[in-house]
Amino acid sequence: MRQEIDYIGRSASVGASKTEPQTDQPWWQRAVIYEIAAISFQDSNGDGIGDLPGLRRRLDYLRWLGVDAIWLTPIYRSPMLDLGYDISDFRNTDPRFGSMEDFDRLVDDIHSHGMRVILDFVPNHTSDQHPWFVESRSSKQNCKRNWYVWADPAPNGGPPNNWTSRFGGSAWQYEPNTNQYYYHAFLVQQPDLNWRNPEVREEMAGILRFWMARGVDGFRMDASAVLAEDELMRDDPPNPTADENTPPPEHLKRVFTDDRPESMTYIEELRSVIDTFEERVLAGEVQGKTDRIGHFYGGERPRLHLPLNFALLDSPWDALSLQASIDAYFNAIPAGAWPTWVIGGHDKRRIASKIGQAQARNLAVLLLTLRGTPFLFAGDELGAEQVNIPSDRIRDPFEKLVPGHGLNRDPQRAPMRWDCSETGGFTSGEPWLPMSDADRAPNVQDAQADPLSLLALYRALIKLRKEHSTLIAGDFRPRRSRNDIITYERVDADASIMVALNLIDEPRLLEWNGSGVLLLSTGLDRDLDTVIGPLLLRPNEGVIIALK
């Protein structure tokens, strides 16, 4: 097994591509980041579960696509009740995915392909099978007792307060052998760690150091806003917007469990650990509306490099709504903060199912030309949509515990389709989740063979982004959106590039007086030549023009 060695001083060259432009920007500002749920990417041994050796086999595809960093959902040892976010050993891989030697080989191969690797980091809770919790629940006197959040019953013997789990029901679980309750913001089997305990904080810092010493280039912090709960354990108030259609876990406003000031302090401590290693990044899942995202960047001390922003996923898909969502986000982040844009994820419904295949091409342009770091989820580049999951094949605890509210996340977690065979080139066995329809769903093999496919468009956009530094470092200048066209420019001292996207299925006139060189059309079928405005855009067409 690889020794824990300090990569400080040599990490600057780890993962660096020979073709990367020389710039003062850190790599994570230039990167296109590609999220992979390892369980659904590529199986190597026929058990129907994606694994690390399988992922290694597909690195050539990722390099061909042009992505710069791979973000992996948890690959740690786990009972796998919640996609591996219930961790029983933070310093080891789960045998389902492979050994630590497999992980080391994967990291080395990712770096040799000129890419970086980001791991999911889950600091809020553990599995109830973790040795820490086994000790903690054993007695009130155990040295690990204060590593978790325990409280006495209410005077009536019930839960200490009204806090609810995101998976439904009380967030408190009674332990009769010690006559106390433990707190779980998520599953009963995911007890929350007590971040007020400095021993917990130091252990989590050590886990970050452990993986960075193995060559990991950064982390995406899960549930980063819920590390701390109100010390007085005050009851949450009712949600005034809740009605009979609101899922039960949302009937209360999470005033005393989410986004507490102490959580920000704990994030600052973790960031200080990250900063002791060179060229590492800390991204994070944040809760709340756009106007709350700014403080996750930092106050007097830095917090997350990249708080994840889901504005493109959440916005209605029309020009006026999108320009408002984009403007609100840019106004919400602090001066000098680096933006992020996310169009998919293991917890998010496939956006192609919302906006359709034609507009998925404009989404690709938005993602890769707006100022900021783009994140996509494996399959987004194909236009993957929600997969129908029969009731007897459901794995997601959300749907099992809070049924009937459309919360099932299995449809976006279905395995990657590499070809049109029954099991899609993903496995030789039975896939752990049903796959998309072989006859209708896009697959990598067919998309690579089609020079006009959405996959070809993503590859062209990533290449264009790397060829034109203006698309990475340039300022964002909005234009007024008219005629169902969203329009903006990216500008620096050397160039001005205009992006115009027709967001409806009808021709629309781009009211622009000027000239330029067409760099790309979403159809990939226009001559890249001089264009003069006004310009008629075809239905659903977007264009990128270098202005003269």
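The values are calculated or read from the model by the stated rules, or taken from the named source; none is laboratory data. None of these values were measured; they are calculated from a predicted model. Here the Cβ positions follow ideal geometry from the backbone for every residue, glycine too, while neighbour counts run over all protein chains shown. Each accessible area value is taken on the protein alone, full model and side chains, heavy atoms only, with ligands, DNA and RNA left out. Shrake-Rupley method; radii C 1.70, N 1.55, O 1.52, S 1.80 Å.
Assorted remarks:
- Exceeding the 22 Å Cα-Cα cut-off - candidates K348/K463; K289/K354; K348/K400; K140/K253: K348/K463; K140/K253
- Computed Kirkwood radius, in angstrom, where 1/r is averaged over Cα pairs of segment 275-380: 14.6
- Dividing the Cα radius of gyration of segment 108-175 by its Kirkwood radius returns 1.21 for Rg/Rh.
- Over segment 348-481, the alpha carbon radius of gyration divided by the compact-protein estimate 2.2 N^0.38 Å works out to 1.21.
- Dipole magnitude for the chain: about 760 debye, using +1 per Lys or Arg Cβ and -1 per Asp or Glu Cβ, origin at the Cα centre.
- Given in Å, the Rg to one decimal and the Dmax to the nearest whole number for the Cα atoms of segment 266-310 are 10.6, 32.
- Global form of segment 308-370, assessed from the alpha-carbon gyration tensor, a/c cut-off 1.5: prolate
- Segment 180-291 shape via C-alpha gyration tensor axes, a/c threshold 1.5: prolate
- The chain: angle of helix 198-213 to the longest principal axis, Cα-based, in degrees nearest 10: 40
- In a reduced charge model with +1 at each Lys and Arg Cβ and -1 at each Asp and Glu Cβ, segment 343-441 shows a dipole moment near 460 debye about its Cα centre.
- Rg(Cα) / (2.2 N^0.38 Å) computed for segment 474-525, rounded to two decimals: 1.19
- If only the Cβ of Lys and Arg carry +1 and only the Cβ of Asp and Glu carry -1, the dipole of segment 379-521 around its Cα centre is close to 500 debye.
- Along segment 393-403 the Karplus relation, 6.51 cos²θ - 1.76 cosθ + 1.60 evaluated at θ = phi - 60°, assigns HN-Hα couplings of 10, 5, 10, 5, x, 4, 5, 5, 8, 10, x Hz to successive residues, with x for each Gly and Pro.
- Our coupling estimate for segment 404-420, obtained by passing each phi through the Karplus curve with A = 6.51, B = -1.76, C = 1.60 and θ = phi - 60°, is x, 10, x, 8, 4, 9, 4, x, 8, 9, 4, x, 4, 9, 8, 8, 9 Hz, Gly and Pro reported as x.
- Axis angle, to the nearest 10 degrees, between helix 261-274 and the longest C-alpha principal axis of the chain: 70 degrees.
- Calculated FRET efficiency, R63 to N142, Cβ-Cβ distance, R0 = 60 Å: about 0.75 to the nearest 0.05.
- Take each peptide in 232-244, 478-490, count the other Cβ atoms within 10 Å of every residue, and average; sorted highest first, the result is 478-490, 232-244.
- Principal-axis tilt of helix 100-112 within the chain, Cα atoms, nearest 10 degrees: 20
- By the rule of a C-alpha distance below 21 Å, with chain neighbours fewer than 8 residues away ignored, the lysines paired with K548 are K466.
- Whole-Hz Karplus values for segment 315-323 come out as 6, x, 9, 8, 4, 5, 5, 5, 5 Hz, taken residue by residue from phi with 6.51 cos²θ - 1.76 cosθ + 1.60 and θ = phi - 60°; glycine and proline positions read x.
- Surface exposure of the chain, expressed per residue as accessible area with a 1.4 Å probe, stands at 40 Å².
- Carbon-plus-sulfur accessible fraction, the chain (probe radius 1.4 Å, protein heavy atoms only): 48%.
- Backbone N within segment 138-155 under 12 Å of label point (7 Å from R196 Cα along the Cβ vector): 146-152
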